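Structure record follows, encoded as structure tokens.
The values are calculated or read from the model by the stated rules, or taken from the named source; none is laboratory data. Computed from a predicted structure; not experimentally measured. All Cβ positions, even for glycine, are placed from backbone atoms using ideal geometry, and neighbour counts span all protein chains on display. Only protein heavy atoms, including side chains, enter the accessible area calculation; ligands, DNA and RNA are left aside. Shrake-Rupley method; radii C 1.70, N 1.55, O 1.52, S 1.80 Å.
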Amino acid sequence: MPELPEVEGVVRSLAPVSAGRTIHSVKISETVLSAKQIGKEAIVKGITSEDFISEMAGMKILALTRRSKYIYFHVERDEEPYLLVSHLGMTGAWFVVDTLDDIKEDRFRRHVHVTFEMADGGLLVYSDIRRFGELRLVRAESDYPPLLEMAPEPFSDEALQHFLAMCETPKYARKPIKEVIMDGHVISGCGNIYATEALYKMKIHPNRSAGRISKERKIELFRTIVDVLQESIRAGGSSISDYRNINGEAGTMQERLKMYGKKFCPECGTGTKSLKIAGRTSVYCPSCQH
Ligand SMILES: [Zn+2]
């Protein structure tokens, strides 16, 4: 699943080749069209296929930004601003190509679900193998409340205080620290890979209650998470699973991971263990992490 660094990589590669361009028309795949016809929300959410197609035509892309794991396309039509919000789900990917044949990897080409035909020719394409991603057209963040409920950006000044305050609430104090740091209301954009790495670096057991970790250690843990996220952004993200940036490239962060997906602890050689926390597999070293 793409996490914050991977989404940042998509925004950085997508922005220069899409900002300033105007969408001429939109095509939605048969799979998505027929799912929506029977009332299922598939990829294009909160709007009918017909309305999405007509609303997006003539939309000019002004800029792209990232908020947590969302990509915001700042768009406008007739000088009215809108936000096209994209979440990549498990396997979402964007491509900017001349024709669909230019998408090199078969499985991405076979799962194209939304194609924006640009006024200057060329295509902006959303592909999603498992279809857990979503596209929403809103006037502003306030039109879709989950966007307002996200924790501050982890690199912002208020993020640490927000994290510490949330850890002290009854809701989070008794929960495993791994579940807490992966919760988007507590920290924005820290998913399983980076939570696993940060806890390993800090030698904290993923199942330890948030309330049983001292404030000093929590501050250190937060800074470690930020460091890991920044390191991964610099490495272009991790290419675990189906993440690709718009050039079909994956990052190299997976080569730097110390614990995620490992059988043995690189520090002490002990066999790693795993347990399920909040439905996600949590790998840890039983000897180093307490
Ligand atoms: Zn170890």
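Could you tell me the ratio Rg/Rh of the range 59-105? Both radii from Cα atoms, Rh via Kirkwood. Taking Rh as the inverse mean 1/r over Cα pairs, Rg/Rh reads 1.05. Under the combined filter of DSSP loop state and at most 14 neighbouring Cβ atoms within 10 Å, the range 38-143 retains these trypsin sites (Lys or Arg not before Pro): Lys40, Lys104, Arg110, Arg130, Arg139.
Do any GluC sites (Glu not before Pro) in the range 114-179 lie in a loop, going by DSSP, with at most 11 other beta-carbon atoms within 10 Å of their beta carbon, and if so which?
Values: sites: Glu117, Glu134, Glu141, Glu149, Glu158, Glu168, Glu179; in loops: Glu149, Glu158.
Of the GluC sites (Glu not before Pro), the ones in loops of the range 114-179 whose Cβ has at most 11 other Cβ atoms within 10 Å are Glu149, Glu158.
Relative to the compact-globule estimate of 2.2 N^0.38 Å, the Cα radius of gyration of the range 1-124 comes out at 1.02.
Kindly state, to the nearest 0.05, the FRET efficiency for Glu255 paired with Glu76, given R0 = 45 Å and r defined as their beta-carbon distance.
Numbers: r = 41 Å, r/R0 = 0.91.
Taking R0 as 45 Å, the efficiency between Glu255 and Glu76 is 0.65.
So what is the accessible area of the chain per residue, in Å², with the probe set to 1.4 Å?
On the way: 13150 Å² over 290 residues.
I get 45 Å² per residue for the chain.
In the chain, the portion of solvent-accessible area held by carbon and sulfur atoms comes to 49 percent [1.4 Å probe, whole percent, DNA, RNA and ligands not counted].
To the nearest 10 degrees, how steep is helix 215-234 against the longest Cα principal axis of the chain, on a 0 to 90 scale? Orientation of helix 215-234: about 40 degrees from the principal axis. Pairwise Cα distances in the range 145-219 exceed 15 Å in 52 percent of cases. Beyond 22 Å, what share of the Cα-Cα pairs of the range 126-279 is found? Please give it as a whole percent. Beyond 22 Å sits 48 percent of the P(r) for the range 126-279.
Plugging the Kirkwood radius over Cα pairs into Stokes-Einstein for the range 1-70, at a temperature of 10 °C and a viscosity of 1.306 mPa s, what D comes out in µm²/s?
Details: Rh = 13.9 Å.
D = 114 µm²/s.
Using a simple charge model, +1 on the beta-carbon of Lys and Arg, -1 on the beta-carbon of Asp and Glu, nothing else, what dipole does the chain show about its Cα centre, in debye to the nearest 20? Display every interim value, and only then the final one.
Details: 40 positive and 39 negative charges, 352 e Å.
In total the dipole reaches around 1680 debye.
Kirkwood hydrodynamic radius, computed over distinct alpha-carbon pairs, for the chain: how many Å, to one decimal? If you can, show how the numbers build up before the last one.
Details: mean 1/r = 0.0498 Å⁻¹.
20.1 Å is the Kirkwood radius here.
Relative to the dominant Cα principal axis of the chain, helix 159-168 is inclined by about 60°.
Approximating the spin labels as points 7 Å out from Cα along Cα→Cβ, the Phe132-to-Lys45 distance works out to 1.2 nm.
Annotation: the range 187-231 has a Kirkwood hydrodynamic radius of 10.6 angstrom, from the mean reciprocal C-alpha pair distance.
For the range 70-190, take the convex hull of the Cα atoms, compute a quarter of its surface area, and give me that in nm², please.
Details: hull surface 39.7 nm².
If I average the Cα hull's projected area over directions, I get 9.9 nm².
Provide the FRET efficiency to the nearest 0.05 for the Glu220-Asp101 pair, computing r from the beta carbons and using R0 = 35 Å.
0.10
Other residues whose C-beta falls under 14 angstrom from the C-beta of Ser232 contribute a net charge of 0, scoring Lys and Arg +1 and Asp and Glu -1.
Using alpha-carbon pairs under 8 Å, 6+ residues apart, how would you state the relative contact order of the chain in percent? Across the chain, relative contact order equals 19 percent.
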